[in-house]
Structures are given as structure tokens and as C-alpha cells.
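Q: Quick one: the structure is below, and I'll ask about it shortly.
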Amino acid sequence: SAYLESKENPSDEIKPLTYSLYTGGSYIITTAFLILPFFIFTSGLYAVLSMFFFALVAIITYNFYISVAKELKFLPRVVEMCVITFGVAIISFGIGFLVKHYFGLDI
């Protein structure tokens, strides 16, 4: 998607292949940090709490970079991304809990 986006908005500053490699690399690193706690902790609770912590760190880091690079307000962007990210996560975990409780399925 990053490759196609950069092709749609051509610029001398942004090369589609470079843009897509940076985006893909950052996705892989972020995903690795988010799943790492599940390989470290035997407790599901510690793993989930650690995952949320790493997600918060990723959101703060990304928004700090964007707010400095594009001179945007930092806090409103962090709050917006946290509400969306953690809201979707809580809804997903809630659906998983309900499915397990009522249907006996682990998803």
C-alpha cells in the first residue's frame, strides 16, 4: 500500500521502492515487538499488558517523529491513535471472550 500511495503522489523526495521498504520494515519491527511478550511470559495477562505497553510506546514514538517532522500537535494525535488502537483491541478481545464463553471456542 505504501508503494502504491507513493506512486499516486509522485515527488522527487519520495521514491516508491524506498518508501515501501521503510514502511514494510517498520511494520515488521512493530509486529515483532507486539508479539514478543507472548514468547517471553507464561502468563497471558503479563503478555497482553506488555503488548499494550509496546503499542503505546510505538504510538508515542511515531507521533513524536511526525509532530517534529511536520510541525503538528503531538498530544491530540497520540490521544486519537490510542483511542482508535486500544478501542479496537478491547472490542476484539471482548468478542473473543464472548465467543469463548458462549460457544466454547478459542479464537
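Q: Name the residues in region 85-107 that are more than 18 Å from V48 (Cβ to Cβ) and either part of a helix (DSSP H, G or I) or touching a helix residue (DSSP H, G or I) at 6+ places or on another chain (Cβ under 8 Å) (or both), would you? Please lay out each step first, then the result.
A: First pass over region 85-107, keeping only residues more than 18 Å from V48 (Cβ to Cβ): 102-105.
Residues satisfying the conditions are Y102, F103, L105.
Q: When you check I60 against the structure, is it out of contact with any helix residue (DSSP H, G or I) (no Cβ under 7 Å at 6 or more places or on another chain) and without any contact (Cβ under 8 Å) to a residue 24 or more places away in the chain, yes or no? Give the derivation first.
A: Details: out of contact with any helix residue (DSSP H, G or I) (no Cβ under 7 Å at 6 or more places or on another chain): no; without any contact (Cβ under 8 Å) to a residue 24 or more places away in the chain: yes.
No.
Q: Can we say A32 is at pLDDT 95 or above and in contact with a Phe, Trp or Tyr (Cβ under 9 Å, 6 or more places away or on another chain)?
A: Judged against the criteria, A32 is not a match.
Q: Now a separate question. For region 52-79, which positions are under 22 Å from G25 (Cα atoms), surrounded by 12 or more Cβ atoms within 10 Å (Cβ to Cβ) and of a type outside the set (V, I, T)?
A: Once the filter is applied, which keeps residues that are under 22 Å from G25 (Cα atoms), surrounded by 12 or more Cβ atoms within 10 Å (Cβ to Cβ) and of a type outside the set (V, I, T), region 52-79 yields F52, F53, F54, A55, L56, A58, Y62, N63, F64, S67.
Q: Going by the structure shown, is F93 more than 13 Å from the chain's Cα centre (by Cα) and loosely packed, with under 13 Cβ neighbours inside 10 Å? Steps first, answer last, please.
A: Details: more than 13 Å from the chain's Cα centre (by Cα): yes; loosely packed, with under 13 Cβ neighbours inside 10 Å: yes.
For F93, the condition - more than 13 Å from the chain's Cα centre (by Cα) and loosely packed, with under 13 Cβ neighbours inside 10 Å - is met.
Q: If only one of P37, P16 is in contact with a Ser or Thr (Cβ under 7 Å, 6 or more places away or on another chain) and either at pLDDT 95 or above or of a type in the set (S, T, N, Q) (or both), which one is it?
A: So the residue among P37, P16 that is in contact with a Ser or Thr (Cβ under 7 Å, 6 or more places away or on another chain) and either at pLDDT 95 or above or of a type in the set (S, T, N, Q) (or both) is P37.
Rundown of residues vs (1) in contact with a Cys (Cβ under 9 Å, 6 or more places away or on another chain); (2) farther than 17 Å from A89 by Cα, yes/no style:
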site	(1), (2)
Y22	no, yes
I28	no, yes
I35	no, no
F41	no, yes
A47	no, no
S50	no, no
A55	yes, no
I66	no, yes
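The values are calculated or read from the model by the stated rules, or taken from the named source; none is laboratory data. On a predicted model such as this, the values are computed, not experimentally measured, just so you know. Cβ: placed from backbone, ideal geometry, glycine included. Neighbour counts: every protein chain shown.
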